[in-house]
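Engineer: Submitted below is the structure of interest, expressed as structure tokens.
Each reported figure results from applying straightforward, stated rules to the coordinates on display, with no laboratory input. Fair warning: this is a prediction, and the values are worked out from it, not measured in the lab. Here Cβ is always computed from backbone atoms with ideal geometry, including for glycine, and neighbour counts include all displayed protein chains.
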Amino acid sequence: MLRTAQDHRGEQKQMAFIDETRVMLRYDMPLAETVATDFYDKLKSCTRGYASFDYEEAGYKESPIVLVLHIMMYIHLIVTIGRCVIEWNSC
């Protein structure tokens, strides 16, 4: 579970043991990583369906974003076809 959250740009903020069999994890994670990806499916898979997921808005943060797929047509850059991705994920 920890690796799944970290793979989706999550920053661990808290780990609290509720009892002997349950743990509550708090992460700061971009909303785009939780909604637009397969994060929820991976969460349920690695916990065999036992995990639950809740979120609240934590504000905005800057991200290192780059534009990939530069297309030049008659020496003009066509930005609308390009895609913005996180810099470490652009290779």
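Engineer: Under 16 Å Cα to Cα from LYS13, which lysines show up? Leave out anything in the same chain fewer than 8 places away.
Structural biologist: LYS61
Engineer: Which residues does a label at LYS61 reach in region 11-37, if reach means a backbone N under 15 Å from a point 7 Å past the Cα toward the Cβ?
Structural biologist: 11-14, 26-34
Engineer: Could you list ASP54, ASP28 in order of exposure, starting from the residue whose Cβ has the fewest other Cβ atoms within 10 Å?
Structural biologist: ASP54, ASP28
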